[in-house]
2 protein chains.
Amino acid sequence: MEVIGLVEKMQQASENLRLSGKALALVPTMGFFHEGHLELMRVAKKHADIVVVSIFVNPTQFGPKEDLNTYPRDLEGDLFKAENVGVDLAFVPAVHDMYPDRFQTTVSVQKATKHLCGLSRPAHFDGVTTVVAKLFNIIKPHIAVFGQKDFQQLVVVTRMVQDLNMDVRIVGVPTVREPDGLAMSSRNSFLNPLERESALCLKKSLDLARNLVARGEFQASILIKGVKEMILSSPFTEIDYVNLCDPVSMENVQKVEGETLLALAVRVGKTRLIDNCLLSAKLLRRI
Amino acid sequence: MEVIGLVEKMQQASENLRLSGKALALVPTMGFFHEGHLELMRVAKKHADIVVVSIFVNPTQFGPKEDLNTYPRDLEGDLFKAENVGVDLAFVPAVHDMYPDRFQTTVSVQKATKHLCGLSRPAHFDGVTTVVAKLFNIIKPHIAVFGQKDFQQLVVVTRMVQDLNMDVRIVGVPTVREPDGLAMSSRNSFLNPLERESALCLKKSLDLARNLVARGEFQASILIKGVKEMILSSPFTEIDYVNLCDPVSMENVQKVEGETLLALAVRVGKTRLIDNCLLSAKLLRRI
């Protein structure tokens, strides 16, 4: 596996790969790889000749009071894991190479970012779309792979790609979970054992909602109430949001009709975790 | 010359041209070609194997009270002129293909847009950078050619390209002028004969400033006062701005030192015209 640090060198390498007829896949990450990341890389390998993984803890997508400085990092371990999965190229840029002194440009998706995580993290998605736009221009991938755990991020990036006519196909990959159901996340490493146990309420509350829908309950208010009660019955939890929304526009819905996204963000101790699932009235009615 | 209307078809054609090893140049325009546009195309031809001209009156760069609906158009004449100059491909997209229903993404250069034209046209440059980002993603040019008459636009687009790591080289082309000095502009067609005569004050005021600098006057306030007086002594004129600024940051300067941009926007009757020149204290001191 080749490791490239310089933006200019990466761009030249990608241009040459494209010109040689290779199909490129990008997996953009902030590193500290877990099985969820590795699954993204495996999916990428199925879709392309060359898999590039970017590892960059992007400062602009963290709020001023968020965990940029404590965000877990393990570059050596990451490179080992990526190589092991068969990644061809790791791009590991420096912050000052990505954001030089005069940097002042933002790519912003206007509407889909004004819901869910966008409310409690107002500049987060601008940071995400801007850095993803940069990575796409540097790495020139044919496809890019994102996890569905960050469902809103997947929607927002897809929206940006369509709106700006980026010639990149976005592939979403289902959330990878620990054996007990907790969605994999680099931030899980912040949880102490009691919080780790309590964090299971996220997945359990999604299951509860799915069961309620299967039994014919489609009212958003009732589903959300059930989910919130289950989460708050677990210790150390504080709810940021529990929402039922349209999975394209991210706008809240009153009822589950067709495909609906149930998305939640919960603080367990000091650690903010997110999870989600798609609910479908139609599909479950047929069962 | 081939003419392509569909975004998807243009993108595929460009990808194929790139893969075949051709160097592509883009001249983005709003049509109604004059000699200034044709000069951009000629410069593009010198830099590339294939010249693509886009003709698109971009609605998002016009303010609500501006001249979108009356902006002059002549597609047939434009295609004839472009073909005559040796353009290979004209891209003429429809508004709904560029901005479909759910469109909601903006590319925004934050600082360089807050001066000069950005003050009286607050959303203008966001419209420009967004549409140029789209055109770059669709047409995938190696170089793109812009006129220096729209100096701030050239600066803002260059900033966007650098900040977002777009793999496009921006080439600026000196302003083409009518024999009497008026900078060529599609909007000149709005001027009646008396206004057309009065509009010569723009170029004359730039010449005045150049002469003052040559004689050792470097104070911005004095230079600006002289320029304003000359413009206002011409009939039908109303000044939007006359500024001396840094040609990279667009920030106002107090004195001409090194290269300084003198930029002005003036209404002549109802028509808003812009013009500019670079002043240099060092260079002229040596003379």
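Every read-out reported here was derived from the displayed coordinates using simple, explicitly stated rules and does not represent laboratory data. Just so we're clear, the structure is a prediction, and the values are computed from it rather than from any experiment. Ideal geometry is used to build each Cβ from the backbone, glycine not excepted, and the neighbour counts take in all protein chains shown.
With both labels modelled 7 Å from their Cα along Cα-to-Cβ, the residue A:73 to residue B:49 distance reads 4.3 nm.
Report for chain B the percent antiparallel among DSSP-assigned beta bridges with both residues inside it, nearest 5. Expressed as a percentage, antiparallel bridges in chain B total about 50. Residue-wise HN-Hα couplings along the stretch A:180-188, as the Karplus relation 6.51 cos²θ - 1.76 cosθ + 1.60 with θ = phi - 60° gives them from phi, are 8, x, 5, 5, 5, 7, 4, 6, 4 Hz; Gly and Pro carry x.
Between residue A:97 and residue A:6, 0.36 nm times their residue separation minus their Cα-Cα distance comes to what? Intermediate values should be presented prior to the final figure.
Numbers: separation 91, 0.36 × 91 = 32.76 nm, distance 0.73 nm.
Here the answer is 32.0 nm.
Under 5 Å from the amide H of residue A:170 lie the amide H atoms of A:144, each residue being 5 or more positions distant or on a separate chain, with H modelled from the backbone and absent for Pro and chain starts. Checking every one of the GluC sites (Glu not before Pro) in the stretch A:226-272 against DSSP loop status and a limit of 10 other Cβ atoms within 10 Å picks out no site at all.
Among the trypsin sites (Lys or Arg not before Pro) found in the stretch B:98-176, those both in a DSSP coil and sparsely packed, with 15 or fewer other Cβ atoms within 10 Å of their Cβ, are B:102. Ignoring lysines fewer than eight residues from residue A:270 along the same chain, the ones with Cα atoms less than 22 angstrom from its Cα are A:65, A:149, A:203, A:204, A:228. Applying both filters, DSSP loop and at most 12 other Cβ atoms within 10 Å, to the trypsin sites (Lys or Arg not before Pro) of the stretch A:185-225 gives A:215. With a Förster radius of 45 Å applied to the beta-carbon distance between residue B:270 and residue A:35, the computed FRET efficiency rounds to 0.10.
Mean per-residue shielding of peptide A:108-115 is 3, counting Cβ atoms of other chains within 10 Å of each Cβ.
In this assembly of identical copies, the label point of residue B:192 (Cα plus 7 Å along Cα-to-Cβ) is separated from its counterparts by 8.2 nm, sorted shortest first.
Scalar couplings 3J(HN,Hα) for the stretch A:163-177, obtained by applying the Karplus form with A = 6.51, B = -1.76, C = 1.60 to θ = phi - 60°, are 5, 9, 6, 5, 8, 9, 8, 8, 10, x, 10, x, 4, 8, 10 Hz; x denotes Gly and Pro. Across all Cα pairs in the stretch A:45-90, the calculated P(r) in 10 Å bins from zero up to the longest distance comes to 23, 39, 28, 10, 0 percent per bin.
Amide H to amide H, with H built 1.01 Å from N, residue A:30 comes under 5 Å of A:56, counting only residues 5 or more places away or on other chains. Which of the three applies to the stretch B:78-139, rounded, prolate or oblate, going by the alpha-carbon gyration tensor with a ≥ b ≥ c and a/c under 1.5 meaning rounded? Oblate, because a/c is 1.5 or more while a/b does not exceed b/c.
What the phi angles of the stretch A:28-34 give under the Karplus curve with 6.51, -1.76 and 1.60, with θ = phi - 60°, is a coupling list of x, 9, 9, x, 6, 5, 10 Hz, glycine and proline written as x.
Once the stretch B:186-281 is represented by equal point scatterers at the alpha-carbon sites, with solvent omitted, what log10 I(q)/I(0) does the Debye formula produce at q = 0.14, 0.20, 0.25 Å⁻¹? Listed by q, the Debye log ratios stand at -0.48, -0.89, -1.22. Distant-in-sequence amide contacts of residue A:240, defined by a placed amide H-H separation under 5 Å and a gap of 5 or more residues or a different chain, comprise A:265, A:266, A:267. Working value for the stretch B:209-258: equivalent-ellipsoid semi-axes of 20, 15, 7 Å, each the square root of 5 times a Cα gyration tensor eigenvalue, largest first. Each part gets one Cα centre, and for the stretch B:246-261 versus the stretch B:125-177 those centres are 21 Å apart.
If you bin all the Cα-Cα distances of the stretch B:2-173 at 5 Å, starting from zero, the percentages per bin are 1, 8, 18, 22, 23, 17, 8, 2, 0, 0. When both bridge partners sit in the protein assembly as shown, DSSP labels roughly 55% of those beta bridges antiparallel.
Once both axes come from the Cα atoms, what is the angle between helix B:124-139 and the longest principal axis of chain B, in degrees from 0 to 90, rounded to 10? On a 0 to 90 degree scale, this one is about 30.
Kindly state, as a whole number, the per residue volume in cubic angstrom of the convex hull around the alpha carbon atoms of chain B. List each step's numbers first, then the result.
Working: hull volume 39.1 nm³, N = 287.
Dividing the Cα hull volume of chain B by its residue count gives 136 Å³.
Chain A residue nearest by beta-carbon to the axis mapping A to B, with distance in Å: A:107, 3.
In plain terms, if you count all Cα to Cα distances in the protein assembly as shown and split them into 20 Å steps from zero, the share in each step is 19, 45, 28, 8, 0 percent.
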